[in-house]
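This report concerns only the one structure given below.
The values are calculated or read from the model by the stated rules, or taken from the named source; none is laboratory data. Quantities reported herein were computed from a predicted structural model and do not represent experimental measurements. Every residue, glycine among them, receives a Cβ derived from its backbone with ideal geometry; neighbour counts consider all protein chains shown. Side chains are part of the model used for accessible areas, which takes the heavy atoms of the whole protein and leaves out ligands, DNA and RNA. Shrake-Rupley method; radii C 1.70, N 1.55, O 1.52, S 1.80 Å.
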Amino acid sequence: MAAASVAGAVGRRSRRFFDIFVAEVPWTVSSKELKEYFSQFGSVQRCQLPFDKDTGFHKRYCWIKFSTPQDVQNVLQKETHILEGAKLTLKEQPRRRRSQRRNQSE
């Protein structure tokens with residue numbers, strides 16, 4: 001029984017994603033371009049670029065989801081990230097499970 005629990009925990013851990021919050025994204029940059037740029041640092045699983053429903057423009061920030069913490073460290077090791085002439089602001093955000101987020105809101 002204990003071995004099954006350990007195997008399950010390892011399987012869950014391997015599916016975790018690790019996030020980078022990116023601010024100051026230029027208006028002209030798409031999620032595809034962001035994903036291409038950050039792919040040089042590791043395996044990008046997802047680029048989430050939210051849009052404003054009223055204006056139709058993106059909100060100039062996004063989350064980049066990587067497969068491993070090492071991918072995130074690769075990004076953070078580079079001091080400056082510039083896309084289309086604009087300096088991006090990056091912040092690491094470890095991903096929390098939904099149960100942890102739900103407990104904090106109660």
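Looking at (1) within 19 Å of Lys87 (Cβ to Cβ); (2) at pLDDT below 95; (3) within 10 Å of the chain's Cα centre (by Cα), which one does Ser67 not meet, given that it meets all the others?
So the condition that Ser67 fails would be (1).
Filter the range 57-89 down to the residues that are of a type in the set (S, T, N, Q), over 13 Å from Val22 (Cα atoms) and in contact (Cβ under 8 Å) with a residue 12 or more places away in the chain and list them by number.
Within the range 57-89, Ser67, Thr68, Gln70, Asn74 qualify.
List the residue pairs whose Cβ atoms are under 7 Å apart, where the first residue sits in the range 43-56 and is within 17 Å of Gln73 (Cα to Cα), the second is open to solvent by 60 Å² or more (accessible area, probe 1.4 Å) and part of a loop (DSSP other than H, G, I, E, B), and the two are 6 or more positions apart or on different chains.
Note: pairs meeting the criteria are Gln45/Phe17.
Can you confirm whether Arg101 is modelled with pLDDT under 95, surrounded by 12 or more Cβ atoms within 10 Å (Cβ to Cβ) and not in a strand (DSSP E or B)?
Details: modelled with pLDDT under 95: yes; surrounded by 12 or more Cβ atoms within 10 Å (Cβ to Cβ): no; not in a strand (DSSP E or B): yes.
No: the conditions fail for Arg101.
Against the conditions (1) surrounded by 14 or more Cβ atoms within 10 Å (Cβ to Cβ); (2) in a helix (DSSP H, G or I), where does Glu36 fall short? Just the number, please.
The failed condition is (1).
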